[in-house]
Structure formats: structure tokens, C-alpha cells
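Coordinate-derived values only; no laboratory data. If you're wondering where the values come from, they're calculated on a predicted model, not measured in any experiment. Here the Cβ is made from the backbone with ideal geometry for all residues, glycine too, and neighbour counts use every protein chain on show.
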Amino acid sequence: MGLITEPPDFVDGNDLLATELNTVKERIYDEFNGLIDDTNVKSGAAIGRTKVADTALVQSNSVGAGLQTVTRPTAPSAGAWRLDTTTADRETINLDGVATTFVVATTSRFKLLTRTDANSPTITTVTGGTAGLVITLVCDNSGAGSIVIAHTNTNLLNSFKFKNPVGAAETRNVDATDDRGTLGTFVYGDLNGSSTNQWWEL
């Protein structure tokens, strides 16, 4: 509603009419029964979090207008760090016919790489990443070929950077026919300030 307008002062010796007194009463009553707005809250009031509903959203100045809902996440058990390993956080990528690169989605962390053919090309780049995306490459290989990824020593866009590589062209692989394992966990970004986003092993 806004600020309450102060009524005229009552003057000694004048009659106090019921209508005048009721006007003052009703202004205050109406304001405090559903019409309090931003105007009535003191700047820097620092209202305690416990007095604000959990369903309320506090927006920064950079957030646009509109109705938004924030769900409070469920805290894990004490001392535990948990990751979602269900299909909801897993993307299956078939590498049959893939030459040197494949694409990942940004909606899942685990990338299940599969192969059923006899090829063994060396994967040198992965596209589709966004800065800060973390992925784990998991392999389930039933083909006659191996699943191979390679470290690149130069600043090549979308290339792999292994921890402690022993050579400029080090490779890792999951061998053929029902071999399973992980090829590493990587974060995408420009970690060395080269202005080139790459996959850095964690």
C-alpha cells in the first residue's frame, strides 16, 4: 500500500468526531492486514533468516523479475560425500564408427562409453563442454577394439590433459571384449590461462 499519510493534528477545544478517529484507525488497520510492502520496511533492516519462509527466494540485483521456486537440497549423512550414479546422471555414448572426437551433453556427470565394433581409434578431443563441467569417463567395452583417449601436450581446444603424463602423447585405454573401467575424471576450462578450454584431469 505504501506509507501511511499522517492525518491532521487534533486541536484542543475542538470536537473529536467519530469519523475522524475511525479514519486514523482504519488506515493503520488496513495497512497491517495484508498491505505492507517494500516501502514500509526500513533500508538495511537485516531481517533474520529464521523469520523468512524457506520457500521465499532472496534475489540479487542481477536476477530478473518473475516467480521462481527454490527447493532446499537434502543434506547427506554426516561425513559422507555422495554422487548420483543412477541413469539420471549418466549419459551413454556409443563409439562405434567414431574417429577422433565425440560430443558430451552438459546434463550429466558420468559418461558411459561403449563399443561393439573392432575399431580402436584414439580419441583426442571431446566437444560440448562448458566451463566448470566435470565428467567421469566410464567404459563398458564389448567390442573387439579398444577404447583409447590421448593426452595432448599443446593447448588444443577440447583436448585431454592427464595428471603427471609421462610423455607428450600419452594414451589410456580400456581393452577389447568385455573390459570395463574408468579413464579418469576431468574438468573443462582454461586452467592454465591459455585462452583455450581443455579437459583437465582431477
Enumerate the amide H contacts of residue 123 below 5 Å, restricted to partners 5 or more residues apart or on another chain; note that Pro and chain-start residues carry no placed amide H.
148, 149, 150
Applying the gyration tensor rule to the Cα atoms of segment 110-202 (axes a ≥ b ≥ c; rounded if a/c under 1.5, else prolate if a/b exceeds b/c, else oblate), the class is prolate
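Counting alpha carbon pairs within less than 8 Å and at least 6 residues apart, what relative contact order, in whole percent, applies to the chain?
It comes to 13 percent, rounded to a whole number.
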To the nearest 10 degrees, how steep is helix 18-31 against the longest Cα principal axis of the chain, on a 0 to 90 scale?
10
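List the chymotrypsin sites (Phe, Trp or Tyr not before Pro) in segment 78-139 that DSSP assigns to loop (not H, G, I, E or B) and whose Cβ has at most 10 other Cβ atoms within 10 Å. Which are they? Intermediate results must be reported in sequence, preceding the final value.
Details: sites: 81, 102, 110; in loops: 81.
Here the sparse-neighbourhood loop sites are 81.
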Have a look at 16, 95, 156 and tell me which one the Gaussian network model of the chain (Cα, springs below 10 Å) gives the largest fluctuation.
16
If you plug each phi of segment 96-106 into the Karplus form 6.51 cos²θ - 1.76 cosθ + 1.60 with θ = phi - 60°, what whole-Hz ³J(HN,Hα) values come out, in order, with x for Gly and Pro?
4, x, 6, 8, 10, 8, 9, 10, 10, 8, 8
In whole Å and largest first, what semi-axes does the C-alpha gyration tensor of the chain yield when each eigenvalue is scaled by 5 and square-rooted?
66, 18, 14
At 0.36 nm per residue, and after removing the present C-alpha to C-alpha distance, how many nm does the segment from residue 19 to residue 47 gain when stretched out fully?
6.4 nm
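Calculated from DSSP H runs of 4 or more alone, at -39500 (n - 2.57) each and per residue, what is the 222 nm mean residue ellipticity of the chain, nearest 500? Spell out each step's value before the answer.
On the way: 1 runs with 14 residues, N = 202.
One gets -2000 deg cm²/dmol as the mean residue ellipticity at 222 nm.
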Spin-label point model (7 Å from Cα, Cβ direction): what's the residue 182 to residue 114 distance in nm?
2.1
Pair residue 85, residue 153: separation of 7 Å Cα→Cβ label points (nm):
3.7
